[in-house]
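Visitor: Structure in structure tokens, see below.
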Amino acid sequence: MTNVREAALDVIEKINKNQAYSNLLLNETIKKHKLSRKDTGLLTEIVYGTIQRKNTLDFYLDDFLTNRKRIQTWVISLLQLSLYQMVYLDRVPDRAIIHEAVEIAKKRGHKGISGMVNGVLRNTQRKGLKNPEDIEDVAERISIAKSHPLWLVQRWIDQLGVEATEAMCEENLLSPYVTARVNIVRTSVAQVIEDLKKEGVEAVEGSLSVDAIKVIQGKVLDTEVYKRGDLTIQDESSMLVARALGIEPGQKVLDACAAPGGKSTHIAERLNGSGHVNSLDLHPHKVKLIKKQAQRLNLRAIEAETLDSRNVADRFKAKSFDRILVDAPCTGFGVLRRKPDIKWSKKEDDIERITSVQKGILASQASLLKPGGKLVYSTCTIEGAENQEVVKQFLEEHPDFSLDESFSNRLPEKVRTYCEDGQLQLLPQYFGTDGFYIACLVKK
């Protein structure tokens, strides 16, 4: 039988060494070991929790480790995941956690390592842990107590202020709900909630988007409701994009960075059997995901193809689209609850690199939009350099475009206070959604 904590150690080590994506590695590990639902839950909790709170756990451990640099990385990971369980999980007694850590250390190392692991963990019990809230420097305190890289905390304080930064870092430590978009063309939110209940899944209405549900308990992907195309897994913030576009029946729409297809399918649903969506992605395997989603939802308006969206002018005629969506590749700092490894793998110069890609993609779309048409630029980050600054430069270079200040009227009333000059920046703490940015531009 697979030891869940050993499996967790393997996953954490692979993430740390190869900067692999935690969600993909977790899925592989669950399938490989055929874990039960209970063990899957514990594995997910330990892996995500340990990665999420890495800074805080290291802060605690530093008092009990000498010559940390000489200790093998897997031993540090074992101490981190063990201490995470001792501090943040109530279900398992500390003695059982320590015993299991010592057994793993014996199996992977030698008697000296297992003795050290035992000594460190017992010392944390005996001597207690120092409080990161006592750190005087504000940025350092948030970085350690809320477990985010110091450089990122400092950037956010400069952009958003201390209060918003601390609230966002706190929100990023919480486990997100699974949310889904109901295809309200063919059914209703109330009906889907009732249908899911019959299949053992508990869901409630979403907190932001009128066609959203929030899953409280159960696995939506296993249900007939999902398989027959009544809903699509999507964060509520992403559900605002198709509304921002102001889709009308019969329109021709370009989704320039479409994979895995959530926004393309929402656009197609709002076209309601009319119009056409060209959905592009750079990678063939991701284009397959778009086609698979369109097929499951029986949406024939979508035509997915592999294309670098910076080369769209070679493929499509000028002024051929009524609406264009650029959901640009980004650092992903808005989705740290779902992908905590991002905050440790990204570096400050990654922001500059990605903004040059974003600017290139956005500029490439300008000639394809019809006069009077709308172009929406969106990202799942809260970084000003990737959002407001990209749009600002685009407008300076394209005087035939302007911000659509009426776009807030197409969004839920509760987000309108966060809209400013045709732009919306959602922070995770506002509605418990991903951090997300939307700007709507109109061609004059």
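Visitor: Looking at the range 143-208, which trypsin sites (Lys or Arg not before Pro) are DSSP coil and have at most 16 other C-beta atoms within 10 Å of their C-beta?
Guide: Hits after loop and neighbour filter: Arg186.
Visitor: Using only the alpha-carbon atoms, how far is helix 162-172 inclined from the longest principal axis of the chain? Give it as 0 to 90 degrees, nearest 10.
Guide: The helix 162-172 is inclined about 80 degrees to the chain.
Visitor: For the range 97-229, with every protein chain kept in place, what is the accessible area per residue (1.4 Å probe, Å²)?
Guide: 51 Å²
Visitor: Something else about it: Enter the angle in degrees (range 0 to 90, nearest 10) between the Cα long axis of helix 262-271 and the first principal axis of the Cα atoms of the chain, meaning the one along which they spread out most.
Guide: Rounded to the nearest ten degrees, it is 30.
Visitor: Tell me, what is a quarter of the convex hull surface for the C-alpha atoms of the range 106-180, in nm² with one decimal? Walk me through the numbers before you get to the answer.
Guide: Numbers: hull surface 35.3 nm².
Quarter of the Cα hull surface area: 8.8 nm².
Visitor: Kindly provide the Kirkwood hydrodynamic radius of the range 35-118 in Å, to one decimal, from all pairs of distinct alpha carbon atoms.
Guide: Kirkwood hydrodynamic radius for the range 35-118: 13.4 Å.
Visitor: I would also like to ask the following. Just the Cα atoms of the range 337-444, one point each, no solvent: what log10 I(q)/I(0) does Debye give at q = 0.18, 0.20, 0.22, 0.24 Å⁻¹?
Guide: For the range 337-444 at q = 0.18, 0.20, 0.22, 0.24 Å⁻¹, log10 I(q)/I(0) is -0.95, -1.10, -1.24, -1.36.
Visitor: Using only the Cα atoms of the range 166-322, what semi-axes does the equivalent ellipsoid have when each is the square root of 5 times a gyration tensor eigenvalue? Give whole Å, largest first.
Guide: 29, 18, 15
Visitor: Step through the table entries Lys198/Lys292; Lys263/Lys444; Lys14/Lys339; Lys197/Lys227; Lys17/Lys346, compare each Cα-Cα distance with 19 Å, and write down the pairs that go over it. Walk me through the intermediate numbers first.
Guide: Working: Lys198/Lys292 26 Å; Lys263/Lys444 25 Å; Lys14/Lys339 15 Å; Lys197/Lys227 15 Å; Lys17/Lys346 14 Å.
Beyond 19 Å between Cα atoms: Lys198/Lys292; Lys263/Lys444.
Visitor: Counting other Cβ atoms within 10 Å of each Cβ, which GluC sites (Glu not before Pro) in the range 364-444 have at most 14 and sit in a DSSP loop? The partial results should precede the final answer.
Guide: Working: sites: Glu383, Glu386, Glu389, Glu396, Glu397, Glu405, Glu413, Glu420; in loops: Glu383, Glu386, Glu405.
Within the range 364-444, the qualifying GluC sites (Glu not before Pro) (loop, at most 14 other Cβ atoms within 10 Å) are Glu405.
Visitor: As a test of the formula, what do you get for the chain when each DSSP H run with n ≥ 4 contributes -39,500 (n - 2.57) and the sum is divided by the residue count, at 222 nm and rounded to the nearest 500 deg cm²/dmol?
Guide: Value at 222 nm, helices only, nearest 500: -14500 deg cm²/dmol.
Visitor: Dividing the Cα radius of gyration by the Kirkwood radius, what Rg/Rh value follows for the chain?
Guide: 1.00
Visitor: Under a point-charge model restricted to the Cβ atoms of Lys and Arg (+1) and Asp and Glu (-1), what is the dipole moment magnitude of the chain relative to its Cα centre, in debye to the nearest 20? Show your work: numbers first, answer last.
Guide: Numbers: 65 positive and 61 negative charges, 364 e Å.
Once rounded to the nearest 20, the dipole reads 1740 debye.
Visitor: Which chymotrypsin sites (Phe, Trp or Tyr not before Pro) from the range 1-93 combine a DSSP loop assignment with at most 15 other Cβ atoms within 10 Å? Provide the component values of the computation, followed by the final result.
Guide: Working: sites: Tyr21, Tyr48, Phe59, Tyr60, Phe64, Trp74, Tyr84, Tyr88; in loops: Tyr21.
Listed in order of number, the matching sites are Tyr21.
Visitor: In straight Cα distance, which aspartates and glutamates are under 18 Å from Lys127, not counting same-chain residues fewer than 8 positions off?
Guide: Once the sequence-local aspartates and glutamates are set aside, what remains near Lys127 is Asp58, Asp62, Asp63, Asp94.
Visitor: With just the Cα atoms of the range 16-81, tell me how far they stretch along each of the three principal axes, in Å, largest first.
Guide: 39, 22, 16
Visitor: Which aspartates and glutamates have a Cα lying under 16 Å from the Cα of Lys31, excluding residues fewer than 8 positions away in the same chain?
Guide: Result set, ordered by chain and number: Glu6, Asp10, Asp39, Asp222.
Visitor: Of Lys252/Lys288; Lys288/Lys414; Lys34/Lys286, which pairs sit farther than 28 Å apart, going by alpha carbon to alpha carbon?
Guide: Checking Cα-Cα distances, Lys288/Lys414 exceed 28 Å.
Visitor: Calculate what fraction, in whole %, of the accessible area of the chain sits on carbon and sulfur atoms when a 1.4 Å probe is rolled over the protein chains.
Guide: 48 percent
Visitor: What Kirkwood hydrodynamic radius do you get for the range 154-202 when you take the inverse of the mean 1/r over all pairs of distinct Cα atoms, in Å?
Guide: Kirkwood radius, the range 154-202: 14.0 Å.
Visitor: Hey, any idea what Rg/Rh is for the range 392-434, computing Rh the Kirkwood way over Cα pairs?
Guide: Result for the range 392-434 is an Rg/Rh of 1.07.
Visitor: Would you mind working out the accessible area per residue for the range 281-394, using a 1.4 Å probe, and quoting it in Å²?
Guide: Numbers: 4940 Å² over 114 residues.
Solvent-accessible surface per residue comes out at 43 Å².
Visitor: Would you mind checking the tilt of helix 73-88 against the longest principal axis of the Cα atoms of the chain, expressed as 0 to 90 degrees and rounded to 10?
Guide: That helix lies at roughly 90 degrees to the long axis.
Visitor: Under a cut-off of 15 Å between alpha-carbon atoms, report the aspartates and glutamates in cross-link reach of Lys214, not counting same-chain residues fewer than 8 places apart.
Guide: Glu194, Asp195, Glu202, Glu205, Asp230, Asp235, Glu236, Asp434
The values are calculated or read from the model by the stated rules, or taken from the named source; none is laboratory data. The model shown is predicted, which means the values in this text are computed figures rather than measured ones. Don't worry about glycine lacking a Cβ; one is built from the backbone with ideal geometry, like all the others, and counts go over all protein chains shown. Note: accessible area is taken over every heavy atom of the protein model, side chains too, but ligands, DNA and RNA are not part of it. Shrake-Rupley method; radii C 1.70, N 1.55, O 1.52, S 1.80 Å.
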